[in-house]
Amino acid sequence: MLCSQVLTLLGFASYAVTLNTLQQEWNLSNFQSGFIASIFFFGYIGFVSCATVLTDRLDARKIYLIGVGIEFIGLIGLATLTTGFYSALFFMFLNGAGVAGAYMPGLKIITDRVKTGELTRYISFYTAFFGVGVGLSYLLSGIILASFNWHYVYGLIAIGPLLAWLIVYFLIEPLTEKKWHNSLNLHWADIFPIDRWKLVLKNKDASTYIWGYVVHSLELFASRSWLVAFFLICASSTDHPPLLSGTESASLINFFGVPASILGNEIAIRIGRKKWIYIAMVLSTIFGILLSLSIGQAWWLVMIFAILHSLFIMADSATLTAGLVTSTSDQLKGAAMGLHSMMGFGGGLLGPSIFGYILDISGGQQQPIAWVFAYTSIVIWGCVFVVYQLKRKTTN
């Protein structure tokens, strides 16, 4: 499942890598460029609730196979049928919907089959490998773009979800218990189980992890969407050529997020999940602002701040998801994971557009101060969340 997750995520950063190329070819504003990135998350939100709720009634393996099939169609469409802003929105939406059918259902495949050991460690490795997939996505997309053109980026990357489909179909055994063979009679109340979501949100621990995931995702996905563009500006603002290209730098930084997520969960087990989440969010805010101020500085300093920012964005990722899973009853787990993922990626939807909009109104990509305002607009929410939670704790 770790291998298949990496393969499904190979297209995740392809748009971030091709953003500047497509922005010039299609004459897009920064807001339009950011909105294409955001529509991926809109597709994710549109499908994730249905996908995760179904995993409470059907073997998540079935949902997973449908999801990666949709993702494959979205990537092939981006490669062959996309001609501008609106067609890119459609196929990016499909790409996001496909990932929704793979990511949380993939985690449910694991949790339905793991019956021994510390479950949070399985969860932490699964969420951490998100960073492996994204890091390889930056790297491979950059290599393909340098050798061919942006059409080939999406076309060749589409092989990833196809291989993931084959791995899960042939190597993951279907569950045989009777409960996984229920008839598929869906109603709107099944796809959007408002009553069950209310029960989840009444659980104060669960609601804290969900809102924390919203803040985490807004910052994480905005940063990932604009990181290559940021590195290109940094490279053009210094007399010393960087050792790595923008895509290679972004790939390297995302790999640092893998041990950060795993070790972050281990630290959280020892000092407490919420305490670790608060520490990680405050440090992520600090290093995000320092990163935005590093344009024009030595490349090694830019990379240090970028790595530290990535480390502390990812340091609470597994902890937030593990906290949600362990604080929710088995009867509500699928609905809770769906709400968690939907609201979290709702933050992911807002982040890239907010970033691009602030860039536009602050002077555009060529103005260093615009990047400071843009980064501040997405990292500050972590501190807002921490202050709110601590204030709520003191009033209770």
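None of the figures in this text is laboratory data; all of them are computed from the coordinates on show. Worth saying up front: this structure is predicted, and the values here are computed from it rather than measured. Cβ atoms come from the backbone with ideal geometry, glycine included; neighbour counts cover every protein chain shown.
By per-residue mean of other Cβ atoms within 10 Å, what is the highest-first order of 361-367, 219-225?
On the way: 361-367: 14.3, 219-225: 26.9.
Sorting 361-367, 219-225 by mean packing, highest first, produces 219-225, 361-367.
What is the local net charge at MET337, summed over the other residues whose Cβ is closer than 14 Å to its Cβ (Lys, Arg +1; Asp, Glu -1)? Charge balance in the 14 Å sphere: +1.
Of the peptides 192-199, 328-335, how do they stack up when ordered by the mean number of other Cβ atoms within 10 Å, highest first?
Working: 192-199: 15.5, 328-335: 17.4.
Result, highest mean first: 328-335, 192-199.
The residues neighbouring PRO174, those whose beta-carbon lies less than 12 Å from its own, together hold a net charge of -1 under the Lys/Arg +1, Asp/Glu -1 convention. Once you reduce the stretch 50-124 and the stretch 310-333 to the center of their Cα atoms, the two points are 18 Å from each other. Taking 20 Å as the straight-line reach from the Cα of LYS204, the aspartates and glutamates in range (excluding those fewer than 8 positions away in the same chain) are ASP195, ASP316, ASP330. So how far, in whole Å, is the C-alpha centre of the stretch 226-242 from the one of the stretch 252-302? Taking the Cα centre of the stretch 252-302 as reference, the centre of the stretch 226-242 is 21 Å away.
Determine the sum of side-chain charges near MET281: Lys and Arg each +1, Asp and Glu each -1, restricted to other residues whose C-beta is under 12 angstrom from that of MET281. Please list the in-between numbers first.
Values: positive: LYS274, LYS275; negative: GLU219, ASP316.
Local net charge: 0.
Summarising the label geometry, the points placed 7 Å from Cα in the beta-carbon direction at LEU390 and ALA146 lie 4.4 nm from one another.
Could you sort the peptides 259-265, 241-247, 375-381 by per-residue average Cβ neighbour count (10 Å cutoff), highest mean leading? Mind showing how you got there, number by number?
Values: 259-265: 22.3, 241-247: 16.6, 375-381: 20.7.
Final packing ranking: 259-265, 375-381, 241-247.
Rounded, prolate or oblate: pick one for the chain, where a ≥ b ≥ c are the square roots of the eigenvalues of its C-alpha gyration tensor, a/c under 1.5 means rounded, and failing that, prolate if a/b is larger than b/c, else oblate. Intermediate results must be reported in sequence, preceding the final value.
Values: a/c = 1.73, a/b = 1.25, b/c = 1.39.
Because a/c hits 1.5 or more and a/b fails to exceed b/c, the chain counts as oblate.
The modelled label-to-label distance between TRP26 and ILE380, using points 7 Å beyond Cα along the C-beta direction, is 3.0 nm.
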